[in-house]
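Asks: If you scroll down you'll find the structure; I have some questions about it.
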Amino acid sequence: MSVTPAHHKAKALPTVKRRPAKALCSECGLCDTYYIHYVKEACAFITQHISEMEVEAHGRTRDLDRDRDLYFGVHQEMMAARKKDPIPGAQWTGIVSSIAIEMLQQGKVEGVVCVQSSQSDRFQPTPIIATTPEEILAARVNKPTLSPNLSVLEQVERSGMKRLLVIGVGCQIQALRTVEKQLGLEKLYVLGTPCVDNVSRAGLQKFLETTSRSPETVVHYEFMQDFNVHFKHEDGAIEKVPFFGLNTKELKDVFAPSCMTCFDYVNSLADLVVGYMGAPFGWQWVVVRNDTGKEMLDLVQDKLFTQPVMSSGDRTAAVQQGIAAYDNATTIPMWLAWVISFVVNKIGPKGLEYGRFSIDSHFIRNYLYVRRNYPQKLEAHVPEYAKRIVSRYKLPEV
Ligand code: FAD
Ligand code: SF4
Ligand code: SF4
């Protein structure tokens with residue numbers, strides 16, 4: 001791309017003015033580069049155009065009449081998987097890091113955009129372009145905070161790289177896909193993770209202090225398929241807190257406004273998505289969206305145990321009941337939360353049905369948030385697939 005005076009002018013704006021999405025900015029990093037010039041089309045919170053971009057990335061948009069497309073996006077195949085030899089310290093078993101390492105070692109790409117931790121704070125993200133397996137490994141595990149992954153885009157152009165892998169979450173990938181043609185690459189590979197309920201660094205602190213018995217020793221955490229938050233501590237101990245016991249009143253505004261208005265939980269525009277939400281407990285969930293995604297997965301296939309995706313239970317009553325409980329910020333005693341957690345674990349939704357439970361609950365919460373706080377954005381900002389999902393439930397009047 002040619003860098004024009006207009007790009008430099010845009011980049012020279014003070015930081016607050018360099019966030020056109022204002023309070024809804026998810027700090028994806030685009031606006032720290034001269035690609036800010038494209039922000040009106042690229043920013044997920046200014047222009048929602050997922051379905052148009054799906055056609056560009058995957059050759060078609062989701063078929064809203066096919067349930068798996070409606071919920072999980074365009075895909076060729078899905079499976080549950082885990083590494084035969086898990087990477088110590090990875091978020092799950094390290095499928096993401098393993099694919100990135102193979103991509104580099106087999107010469108498919110010259111660099112990998114990923115995010116390490118800052119030296120002083122394990123939860124403070126530091127995006128990099130990794131060019132060695134060691135640098136990719138150092139980026140393993142989630143930084144559960146808003147991360148400016150795209151802030152390294154100018155470096156990509158300066159480095160002269162022509163083949164690149166980017167690892168990222170939905171809002172980052174929507175912006176990336178929009179400027180993809182301006183990056184001067186011969187080939188871009190996109191490896192995504194699902195993402196929901198992200199927080200600023202201050203928000204994370206509040207979440208940890210409100211929820212964990214030892215916030216300062218938490219190494220990582222995950223909202224698991226067994227309906228508990230699992231906190232892993234420095235000494236390896238796992239602390240579990242049932243979802244139903246979370247202090248909803250305290251936590252109501254802990255999530256970033258961007259994430260309260262986000263409807264791209266499943267990272268619709270990535271070539272390959274690796275998460276856990278559609279897989280049984282203990283397994284990762286892999287969604288191949290297109291041929292490029294398949295090419296990436298093939299590199300690690302022999303390092304994985306795999307099994308077909310499964311689905312059991314019925315989420316709908318639990319989702320409907322959850323709407324009122326969240327709205328009223330109901331917090332129940334911990335002993336009762338454990339009882340509910342035990343029962344739901346026995347008879348509740350599993351596999352893809354757990355994924356639908358989580359998508360339904362978050363889309364409804366976010367739809368109500370947009371309707372209440374940004375009513376003028378509701379029509380254009382909420383994608384058709386999300387409107388279809390939300391319309392299955394009875395929502396409060398206001
Ligand atoms: P690892 O090999 O440990 O690699 C993790 C990769 O994630 C690294 O390459 C790193 O660069 C990248 N990364 C870390 N933090 C960030 C960040 N803040 N932004 C962008 N990239 C980052 N999966 C679900 O199924 N449901 C969820 O609700 C869900 N929420 C998530 C929320 C966040 C903020 C993130 C980052 C991920 C979320 N995931 C979710 C994905 C899941 O937690 C795992 O990251 C995924 O299964 C990969 O595990 P792994 O062991 O293969 O990854
Ligand atoms: Fe810019 Fe990204 Fe923030 Fe949108 S989300 S305003 S593109 S930094
Ligand atoms: Fe971005 Fe959505 Fe994740 Fe928030 S929840 S960081 S907006 S992908």
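Asks: Among the helices (runs of 4 or more DSSP H) lying completely within the stretch 290-380, list those that include at least 2 residues that are at pLDDT 90 or above and acidic (D, E).
Replies: Ranges flagged: 291-298, 352-373.
Asks: Hey, any hits in the stretch 95-106 for a residue that's in contact with a helix residue (DSSP H, G or I) (Cβ under 8 Å, 6 or more places away or on another chain) and within 16 Å of ligand 2 (Cβ to nearest atom)?
Replies: Scanning the stretch 95-106, I find no residue that is in contact with a helix residue (DSSP H, G or I) (Cβ under 8 Å, 6 or more places away or on another chain) and within 16 Å of ligand 2 (Cβ to nearest atom), so the answer is no.
Asks: From G89, G94, G59, grab the single residue that is surrounded by 22 or more Cβ atoms within 10 Å (Cβ to Cβ) and at positive phi.
Replies: That would be G94, the only listed residue that is surrounded by 22 or more Cβ atoms within 10 Å (Cβ to Cβ) and at positive phi.
Asks: Quick one: which of A44, A23 is buried (at least 22 other Cβ atoms within 10 Å of the Cβ), of a type in the set (A, V, I, L, M) and either in contact (Cβ under 8 Å) with a residue 12 or more places away in the chain or assigned to a helix (DSSP H, G or I) (or both)?
Replies: A44 is the lone residue from the list that is buried (at least 22 other Cβ atoms within 10 Å of the Cβ), of a type in the set (A, V, I, L, M) and either in contact (Cβ under 8 Å) with a residue 12 or more places away in the chain or assigned to a helix (DSSP H, G or I) (or both).
Asks: Exactly one condition in (1) within 16 Å of ligand 1 (Cβ to nearest atom); (2) in a loop (DSSP other than H, G, I, E, B) is not met by L185; state its number.
Replies: Failed condition: (1).
Asks: Let me confirm something: among A81, A44, which residue is at pLDDT 95 or above, within 16 Å of ligand 3 (Cβ to nearest atom) and small (G, A, S)?
Replies: Unique residue meeting the criteria: A44.
Asks: While we're here: So which of P194, P148 is within 16 Å of ligand 3 (Cβ to nearest atom) and in contact with a Phe, Trp or Tyr (Cβ under 6 Å, 6 or more places away or on another chain)?
Replies: One residue alone meets the criteria, P194.
Asks: Can you name every residue in the stretch 258-289 that is near ligand 1 (Cβ under 8 Å from one of its atoms), touching a Lys or Arg at 6+ places or on another chain (Cβ under 8 Å) and in a loop (DSSP other than H, G, I, E, B)?
Replies: Across the stretch 258-289, there are no qualifying residues.
Asks: Go through the stretch 236-255 residue by residue and tally those that are over 17 Å from Y326 (Cα atoms) and either in a helix (DSSP H, G or I) or in contact with a Ser or Thr (Cβ under 7 Å, 6 or more places away or on another chain) (or both).
Replies: 2
Asks: State all residues of the stretch 26-40 that are in a loop (DSSP other than H, G, I, E, B) and surrounded by fewer than 24 Cβ atoms within 10 Å (Cβ to Cβ); if no residue qualifies, say none.
Replies: The answer is E27, T33.
The values are calculated or read from the model by the stated rules, or taken from the named source; none is laboratory data. Keep in mind it's a predicted model, so treat the numbers as computed, not measured. Please note: Cβ atoms are built from the backbone with ideal geometry, for glycine as well, and neighbour counts cover all protein chains shown.
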